[in-house]
Amino acid sequence: MSGVSYFALLRLTLPQIALALGAFLTLTLDLTVLRRRAQSTRFLAGALTACCGCVAAMLLLACASGQQTLFDGMMVANPLTRLIQMALAAFAILAVLLSVSSQFTRHVGEYLSLILFATVAMMFLAGTQNLLLIFISLEFLSLSLYILTGFSKRSRASAEAALKYFLFGGMSAGFLLFGMSLLYGLTGSINLMQIAAALGGPALDPLLLAAIVMVVIGFGFKVAAAPFHLWAPDAYQGAPTPSAAFIASSSKIASFFIFAQVMMLGLAGAAGSAGWQSYSSGWVMVIAIVAAVSMLLGNLAAIAQTSVRRLLAYSAIGHAGYMLLGLAAHTQQSLEALIYYVLTYALAAMGAFGVLGALEAEGVDELKSLGGLSRRAPVLSFCMFVFLLSLAGIPPLAGFFGKFYVFVEAFRAGSGELLWLVLLAIATSAVSLYYYLRVLKQIYVVQPEADAAEAIHTPLLHRAVLCVMAALVVLLGCAPHLLLQWIGQAMR
Amino acid sequence: MHLVLFFIFGALCVAGALNLLLQRHPINSALSLIVVMTSLAVLYLLLGAEFLAAAQVIVYSGAIMVLFTFVIMLLNAGSEERTHGSKMAYLFGFPGVAALLGLLAFVFLSRSSSFGQAQLGEYLVTTADLSKVLFRDLLLPFEVTSVLILIAILGAVALARKEH
């Protein structure tokens with residue numbers, strides 16, 4: 001590499017730079033001009049600047065076109081990465097808007113800028129095919145998420161959750177780095193394309209298998225797949241609600257996308273197969289096992305939960321299993337289905353946490369305290385209704401089509417060899433309907449408790465954002481081709 | 001000669017790490033961390049990475065460890081209270097770790113031929129070479145890391161500041 005085009009690098013990283021500038025501006029304004037203002041003013045002004053940064057990044061992404069690869073695959077820009085990056089910026093806007101009315105912290109500027117910085121990390125993660133940058137941005141993302149989890153300093157649960165998340169995350173980073181170093185040792189390259197080329201042969205080295213298992217463990221922690229899920233229930237329950245919403249949505253999108261990139265691009269030759277009686281070793285088998293365990297454990301453990309957030313956490317583990325099913329199929333169509341699934345899942349999960357965030361002031365977390373919510377807050381209840389049914393996969397909501405496409409593509413791939421996994425997925429999603437409906441029963445059927453009968457007031461902005469998200473879930477369910485076409489075009 | 005030095009300092013490194021975990025008083029743990037860091041620096045030197053070794057000694061064994069000891073002394077941290085740990089850890093954790101280590105060691109030893117050759121010392125000798133790598137080939141990871149460190153500072157301040 002003789003001449004390095006710094007200008008090209010600058011142009012490719014403009015969206016990230018815009019977002020980082022937005023974060024700095026938010027922080028500076030909050031610490032200087034707005035220092036002595038009321039909490040609500042600070043949050044509103046901060047959210048406005050943060051949203052400006054996100055919108056600028058989205059505009060820059062929308063204006064860019066074509067394909068480009070810089071620094072040996074370190075920075076990759078194509079329509080697909082831009083689509084993911086735009087979705088990440090959009091989710092950052094939603095996360096910022098949903099946290100405007102919260103009361104858990106006095107450090108408004110730091111909080112909002114951390115959300116933006118985490119998004120910067122995820123954008124780098126989505127736009128790279130280089131193990132070094134993947135690891136650095138993954139650590140960058142995790143570090144921001146640890147801090148966001150522990151941001152509510154008045155709550156012991158938040159600190160405990162952050163510590164657990166940090167310790168488990170540190171372990172998983174160790175595994176991931178070990179796996180990556182083995183890959184480098186075997187192929188002499190950290191570029192995914194070159195790794196795939198160097199691994200070319202059909203024979204599978206035992207060292208490569210060790211590397212695959214370690215990489216899957218590392219990413220399995222990030223996407224909260226069982227049996228690497230131990231941090232998730234505590235983090236989802238203990239973290240401040242807007243942070244939990246952000247962790248449950250945006251970070252899933254970025255982690256799943258890069259997981260799929262590493263597996264499908266970097267280890268393309270080492271896939272193997274996971275057919276019921278036609279098993280051959282490779283990463284598909286490992287993913288299939290993790291997917292099956294996640295689906296079973298997530299959905300069965302969710303039944304026993306009494307806290308709504310823990311329930312959502314276990315259901316997220318189950319959903320990670322379904323998404324891994326799309327990865328195990330490893331075809332272009334299944335990747336398309338996986339991206340559709342993860343985007344719609346993120347929307348519904350963030351919405352569900354948004355509703356819980358609105359109820360936070362009322363101290364609602366236990367399933368029991370949701371009793372009769374439909375009479376106290378009809379709009380919020382309806383939004384929750386839409387989000388939960390979408391998570392359960394009821395037509396005509398977005399979640400149904402996500403599941404449908406993933407299952408169909410998984411079935412089609414390799415002439416039906418993943419049938420056992422698809423059947424398991426269908427059975428466990430029937431189980432999931434039970435616990436989602438349990439929450440809805442509390443909201444719609446059960447009478448409110450005597451001492452909590454008055455209406456719940458939520459800020460207009462919060463309600464409006466939730467309604468827009470619910471409308472999007474319905475729209476993407478009624479017209480899934482809107483998003484699917486976009487993803488399809490981006491992949492070609 | 002190389003191999004002998006590698007074994008001596010490798011063993012010292014592992015012993016330091018174990019001592020770090022077993023010591024009750026934070027100061028003792030911090031001092032064992034210095035042993036770990038310094039022996040790692042020697043291992044880097046054996047691989048031919050002089051700059052990395054020097055940076056390791058200056059940054060880790062020097063600056064960061066001094067900060068560690070300062071903080072521990074300022075906080076006046078006493079010796080830690082031990083819990084016995086969960087039964088699960090003893091039943092599954094230790095055998096699991098042992099099995100994993102055994103498996104990995106076996107795979108490494110039996111398949112070490114399939115690893116490529118790493119060249120560290122040959123083209124990374126002078127500071128000029130290093131800066132070429134750092135500011136040209138690896139410019140992007142370098143910049144991303146700098147933002148990462150900024151986040152760490154931001155988070156540390158936000159988490160440590162008093163809530164009024």
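The values are calculated or read from the model by the stated rules, or taken from the named source; none is laboratory data. Every value quoted in this text rests on a predicted model; they were computed, and no experiment measured them. Here the Cβ positions follow ideal geometry from the backbone for every residue, glycine too, while neighbour counts run over all protein chains shown. For the accessible areas, the whole protein counts, side chains as well, though only heavy atoms, and no ligand, DNA or RNA atoms are used. Shrake-Rupley method; radii C 1.70, N 1.55, O 1.52, S 1.80 Å.
Structure above, values below:
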| quantity | calculated |
| --- | --- |
| FRET efficiency for A:ALA430 and B:VAL4, using Cβ-Cβ distance with R0 set to 51 Å, rounded to 0.05 | 0.20 |
| Nitroxide proxy distance, nm - points 7 Å out along Cα→Cβ at A:MET171 and B:THR126 | 4.8 |
| By accessible area with a 1.4 Å probe, ligands and nucleic acids excluded, highest first: order of A:MET469, B:MET88 | B:MET88, A:MET469 |
| Accessible surface, 1.4 Å probe, highest first, among residues B:THR127, A:THR81 | B:THR127, A:THR81 |
| Spacing of the two label points (7 Å from each Cα toward its C-beta) at A:ASP72 and A:LYS368, in nm | 6.1 |
| For the stretch B:80-85, Karplus couplings with θ = phi - 60° (6.51, -1.76, 1.60), whole Hz, Gly/Pro x | 7, 8, 8, 9, 7, x |
| Area projected by the alpha carbon convex hull of the stretch A:14-118, averaged over all directions, nm² | 6.6 |
| Furthest towards positive pole of dipole, A:ALA45, A:PHE7, A:GLN85, structure part the stretch A:1-89, Cβ charges | A:ALA45 |
| Whether the stretch A:34-74 is rounded, prolate or oblate, judged on the alpha carbon gyration tensor where a/c under 1.5 counts as rounded | prolate |
| Relative contact order of the stretch A:152-245, pairs being alpha-carbon contacts under 8 Å that are 6 or more residues apart, as % | 43 |
| Sequence of A:VAL33, B:VAL157, A:VAL76 when ordered by accessible area, the most exposed leading, probe 1.4 angstrom | A:VAL33, B:VAL157, A:VAL76 |
| Sequence-distant lysines (8 or more away, or on other chains) whose Cα lies within less than 16 Å of B:LYS162 | A:LYS153 |
| Inter-probe distance in nm under a simple model that places probes 7 Å from Cα toward Cβ, at A:THR306 and A:ALA471 | 4.0 |
| Debye, to nearest 20: dipole size of chain B, +1 on Lys, Arg Cβ, -1 on Asp, Glu Cβ | 400 |
| Area of A:ARG106 that stays accessible when all protein chains are in place (1.4 Å probe, Å², to 10) | 90 |
| Per-residue HN-Hα couplings for the stretch A:179-193 [Karplus 6.51, -1.76, 1.60; θ = phi - 60°; Hz; x = Gly/Pro] | x, 5, 5, 5, 4, 5, x, 6, 10, x, 8, 10, 8, 4, 4 |
| Total charge dipole magnitude, the stretch A:129-491, about the Cα centre, Cβ charges on Lys, Arg, Asp, Glu only, Debye to nearest 20 | 340 |
| Within the accessible area of the stretch A:1-94 (1.4 Å probe), percent carbon and sulfur | 69 |
| Taking N as its residue count, the alpha carbon Rg of chain B over 2.2 N^0.38 Å | 1.32 |
| Residue among B:LEU47, B:LEU148, B:LEU22 with the largest mean-square fluctuation in a Gaussian network model of chain B, springs linking Cα atoms under 10 Å | B:LEU148 |
| Estimated 222 nm signal from helices in the protein assembly as shown, with DSSP H stretches of n ≥ 4 weighted -39500 (n - 2.57), rounded to 500 | -23500 deg cm²/dmol |
| B:HIS2 accessible area, 1.4 Å probe, all protein chains in place, Å² to nearest 10 | 120 |
| Cα gyration tensor category, rounded, prolate or oblate, for the stretch A:146-287 with a/c compared to 1.5 | prolate |
| Rel. contact order, % - alpha carbon contacts under 8 angstrom, at least six apart, the stretch A:1-128 | 37 |
| Dipole magnitude of the stretch A:1-128 about its Cα centre (Cβ charges: Lys, Arg +1; Asp, Glu -1), debye to nearest 20 | 400 |
| Convex hull per residue volume in Å³, alpha carbons only, for the protein assembly as shown | 173 |
| Rounded accessible area of A:LYS153 (nearest 10 Å², 1.4 Å probe) | 60 |
| Among A:ALA18, A:ILE190, A:ALA413 - extreme Cα towards positive end, dipole of chain A, charges at beta-carbon | A:ALA18 |
| Whole-Hz ³J(HN,Hα) from phi, Karplus 6.51 cos²θ - 1.76 cosθ + 1.60, for the stretch A:61-75, glycine and proline x | 5, 5, 6, 6, 8, x, 10, 8, 10, 10, 6, 6, x, 6, 10 |
| FRET efficiency, 1/(1 + (r/R0)^6) with R0 35 Å, evaluated for B:TYR90 and B:ILE58 via beta carbons | 0.30 |
| Residue of B:LEU21, B:LEU104, B:LEU74 that the Gaussian network model of chain B assigns the largest fluctuation, springs spanning Cα pairs under 10 Å | B:LEU104 |
| Mean separation of Cα contacts under 8 Å, 6 or more apart, over the residue count of chain A: relative contact order % | 14 |
| Bins of 10 Å, starting at 0 and running to the largest distance - Cα pair percent for the stretch B:125-164 | 28, 29, 23, 15, 6, 0 |
| 5 Å-binned pair-distance histogram of the stretch A:259-318 (Cα, whole percent) | 4, 18, 18, 15, 14, 13, 10, 6, 1 |
| Under 17 Å from A:LYS222, Cα to Cα: aspartates and glutamates that are on another chain or at least 8 residues apart | A:GLU139, A:ASP234 |
| Efficiency of FRET from Cβ geometry, B:THR69 and A:THR41, R₀ 25 Å, rounded to 0.05 | 0.05 |
| Cα pair distances in the stretch A:129-491, grouped into 10 Å bins until the bin that holds the longest one, percent each | 6, 25, 33, 24, 10, 3, 0 |
